[in-house]
Structures are given as C-alpha cells and as structure tokens.
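This report concerns only the one structure given below.
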Amino acid sequence: MADDVNRVASLITDNAEITMLINNAGVGATAPLLQSDANAMSAMIALNVEALVRLTHAAVPGFVARGRGTIINIASIVAITPERLNGVYGGSKAFVLAFSQSLRQELEGSNVHVQVVLPGATATDFWDAAGLPVAYLPEEIVMPAGALVDAALLGLSRKEFVTIPSLHDVTQWDVYEAARQAMAGNLSTNKPAARYLAG
Ligand SMILES: NC(=O)C1=CN([C@@H]2O[C@H](COP(=O)(O)OP(=O)(O)OC[C@H]3O[C@@H](n4cnc5c(N)ncnc54)[C@H](OP(=O)(O)O)[C@@H]3O)[C@@H](O)[C@H]2O)C=CC1
Ligand SMILES: N[C@@H](C=O)C(=O)O
C-alpha cells in the first residue's frame, strides 16, 4: 500500500487544480484485540492513520501557498467512544480527531479549512468488512449513507470544524470541548499535583 499512497501523494503535490482532500478511505473491526489478527490491525493503522497523514502532508503546502483549500477527515464517533468497537479502530479514529484539531490550529489564518466528521453507525459495506453485518445493528442507530453525506456537506457549508451528524443536542459536544479547553492550561506544571506529593 505504501507505493500506492506515495503515487497518490505525488499526484496531489503536482496538481495545483486540486482544492479539496477528503480522507475517507478506512476500515474498521468489531472483534476485541485479543481475538484480532495483528497484521490486520497494522494494515488498519496504515490505512486509517498513515495514509491520511501522508496525503494531508502532500496537500497542505500547495493549499497554503495558493491561499485556499479544504481538508475533510472522516473520523468516527469511536474517536470519543473507543470502548464501542475494536480498540485499534477507535485509536485510529482518535488519532484522526487529534490530528485534525492540531491541523486546524496550525492552519488558522491560511484560508485552508479543516473539517472532521464523526459519523455514527452508517449503512455501508464497512460493517461486512468489520465482521458484523449492519443488519445486526438496531435500526434506530444506523443512518443511511446519503443522509450522512448530506449532513456532513451541510456542516461544511457552515464552515464547521467538527461535524457529528447523529448528535441531536450539539451543546453536549460544546460542553465536552469547553471542558477540554478549560483543562488545557492546567496540564503542564513544574511540580506534581498535591495528591502525588508524599506525606
Ligand atoms: N460505516 C460506518 O458505520 C462508519 C464509517 N466510518 C468511516 O467512514 C469511512 C468510509 O467508510 P464506509 O464508506 O462506511 O465503508 P466502505 O467499506 O463502504 O468504504 C471504505 C472505503 O475505503 C476504501 N478502502 C478500503 N481499504 C482500502 C485500501 N487498502 N486502500 C485504499 N482504499 C481503501 C474503499 O475503497 P474501495 O471501494 O476501492 O475498496 C472505500 O472507498 C471510513 O474511514 C470509516 O472508518 C466512520 C464511522 C462509521
Ligand atoms: N461510528 C461507527 C463506526 O465507526 C460506530 O461506532 O458505529
């Protein structure tokens, strides 16, 4: 796969007409780690993480130089609920979210927009490949693919950074994100917190 990724990366770097990169390709798994094949987990990381980084790294310099561009990263709700499916899959999507958060900050003021989409269960071939046919999921938690894409594009048109199509009460995300931001200034200090001081 590395050769294929390098080839696509070169195409992106060499083509100034490309203004949008959608990092959508990805695979998942539903089995617990101890019942998973190690090579399949490595292949998942190569696709969900490494390819996404490589293609983003290929696209961003041109976007910045030309003063416009859009990166859409397809993460998942498992980015923030990794207990839900296979942990390597959850970890790979947590990476996508964290990478997008950092990239968004790096690109501030560049007119390059970053969007990260966190779909819940969506009716695609993903589930067959992940080892649990979608028909086994409760239908009230499965969104049709078209509805997911329409919602993601509406989020993009509103210049959203994070788009979570299934989350009806967006203040839940806002509270979660506000707590993270509030903690951010307290996470690096020159001495341990009182609870870690002996005596
Ligand atoms: N379906 C769901 O419930 C959810 C999906 N997602 C994410 O959405 C994204 C799209 O998945 P979805 O459409 O649902 O699933 P599909 O299985 O329908 O599509 C997967 C996509 O990834 C591509 N792909 C798979 N393996 C490789 C590979 N080795 N090299 C290059 N491309 C590859 C496929 O390409 P090709 O068609 O050529 O094989 C296809 O375009 C993924 O990142 C997934 O993690 C996130 C949350 C929920
Ligand atoms: N978001 C889905 C997979 O990635 C799910 O958790 O159902």
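Read-outs throughout are calculated quantities, based only on the coordinates presented, and are distinct from any laboratory measurement. As the structure is a prediction and not an experimental result, all values here were calculated from the model. As a convention, Cβ positions derive from the backbone with ideal geometry for all residues, glycine included, and neighbour counts pool all protein chains shown.
Taking segment 110-126 as the region of interest, how many residues are assigned to a strand (DSSP E or B) and either surrounded by fewer than 22 Cβ atoms within 10 Å (Cβ to Cβ) or among the β-branched types (Val, Ile, Thr) (or both)? Break it down stepwise before answering.
We begin by selecting, within segment 110-126, every residue assigned to a strand (DSSP E or B); these are 112-117, 122-123.
Subset that is either surrounded by fewer than 22 Cβ atoms within 10 Å (Cβ to Cβ) or among the β-branched types (Val, Ile, Thr) (or both): 112-114, 116-117, 122-123.
Total meeting the criteria: 7.
Conditions (1) in contact with a strand residue (DSSP E or B) (Cβ under 6 Å, 6 or more places away or on another chain); (2) of a type in the set (D, E, K, R), marked per residue:
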residue: TYR89; (1), (2): no, no
residue: PHE99; (1), (2): no, no
residue: LEU103; (1), (2): yes, no
residue: ASN111; (1), (2): no, no
residue: ASP128; (1), (2): no, yes
residue: ILE141; (1), (2): no, no
residue: ALA145; (1), (2): yes, no
residue: LEU148; (1), (2): yes, no
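Working carefully through the options ALA40, ALA31, find the one that is over 12 Å from the mean Cα position of the chain (by Cα), assigned to a helix (DSSP H, G or I) and more than 17 Å from THR19 (Cα to Cα).
On the way: ALA31 fails: assigned to a helix (DSSP H, G or I).
Of the residues listed, the single one that is over 12 Å from the mean Cα position of the chain (by Cα), assigned to a helix (DSSP H, G or I) and more than 17 Å from THR19 (Cα to Cα) is ALA40.
How about segment 112-123: which of its residues are within 15 Å of THR30 (Cα to Cα) and near ligand 1 (Cβ under 6 Å from one of its atoms)?
ALA121, THR122
Take the residues in segment 2-36 that are acidic (Asp, Glu) and either within 15 Å of ligand 1 (Cβ to nearest atom) or surrounded by 11 or more Cβ atoms within 10 Å (Cβ to Cβ) (or both); name whichever of them is farthest from LEU153 (Cα to Cα). Before you say what the answer is, go through the steps one by one.
Our first condition is that a residue be acidic (Asp, Glu); within segment 2-36, this holds for 3-4, 14, 17.
Subset that is either within 15 Å of ligand 1 (Cβ to nearest atom) or surrounded by 11 or more Cβ atoms within 10 Å (Cβ to Cβ) (or both): 3-4.
On the way: ASP3: 31, ASP4: 28 Å.
Ranking the qualifying residues of segment 2-36, first place goes to ASP3.
Can you tell me which of LEU156, LEU97 is closer than 30 Å to ILE18 by Cβ, in a helix (DSSP H, G or I), hydrophobic (A, V, I, L, M, F, W, C) and more than 14 Å from ligand 2 (Cβ to nearest atom)? Before the answer, list the steps.
On the way: LEU97 fails: more than 14 Å from ligand 2 (Cβ to nearest atom).
Exactly one residue qualifies, and that residue is LEU156.
Return the residue satisfying two criteria in turn: it lies in segment 127-147 and is in a loop (DSSP other than H, G, I, E, B) and near ligand 2 (Cβ under 9 Å from one of its atoms), and of such residues it is surrounded by the most Cβ atoms within 10 Å (Cβ to Cβ).
In the first step, residues of segment 127-147 are kept if they are in a loop (DSSP other than H, G, I, E, B); the result is 131-133, 137-138, 142.
Right, trim to near ligand 2 (Cβ under 9 Å from one of its atoms) and you get 137, 142.
Values: LEU137: 13, VAL142: 17.
The qualifying residue surrounded by the most Cβ atoms within 10 Å (Cβ to Cβ) is VAL142.
How many residues does segment 43-85 hold that are assigned to a helix (DSSP H, G or I), crowded, with 20+ Cβ neighbours inside 10 Å, away from ligand 1 (no atom under 11 Å from the Cβ) and of a type in the set (A, V, I, L, M, F, W, C)?
Of the residues in that region, 4 qualify.
From the list LEU197, LEU132, LEU187, exactly one residue is under 26 Å from ASN48 (Cα atoms) and of a type in the set (A, V, I, L, M). Which is it? Talk me through it step by step, then tell me what you get.
Details: LEU197 fails: under 26 Å from ASN48 (Cα atoms); LEU187 fails: under 26 Å from ASN48 (Cα atoms).
Within the list LEU197, LEU132, LEU187, the selection yields LEU132.
Does GLN181 meet the test of being more than 16 Å from the chain's Cα centre (by Cα), assigned to a helix (DSSP H, G or I), more than 12 Å from ligand 1 (Cβ to nearest atom) and surrounded by 11 or more Cβ atoms within 10 Å (Cβ to Cβ)? I'd like the intermediate steps shown before the answer.
Values: more than 16 Å from the chain's Cα centre (by Cα): yes; assigned to a helix (DSSP H, G or I): yes; more than 12 Å from ligand 1 (Cβ to nearest atom): yes; surrounded by 11 or more Cβ atoms within 10 Å (Cβ to Cβ): no.
The answer is no for GLN181.
Which one of the conditions (1) more than 16 Å from ligand 1 (Cβ to nearest atom); (2) more than 24 Å from VAL8 (Cα to Cα) does PRO138 fail to meet, given that it meets all the rest?
Result: PRO138 fails condition (1) only.
Results for (1) over 26 Å from GLY87 (Cα atoms); (2) away from ligand 2 (no atom under 16 Å from the Cβ); (3) aromatic (Phe, Trp, Tyr), shown as yes or no for each residue.
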site: ALA9; (1), (2), (3): yes, yes, no
site: ASN23; (1), (2), (3): no, no, no
site: LEU34; (1), (2), (3): no, yes, no
site: VAL53; (1), (2), (3): no, yes, no
site: ALA59; (1), (2), (3): yes, yes, no
site: ALA65; (1), (2), (3): yes, yes, no
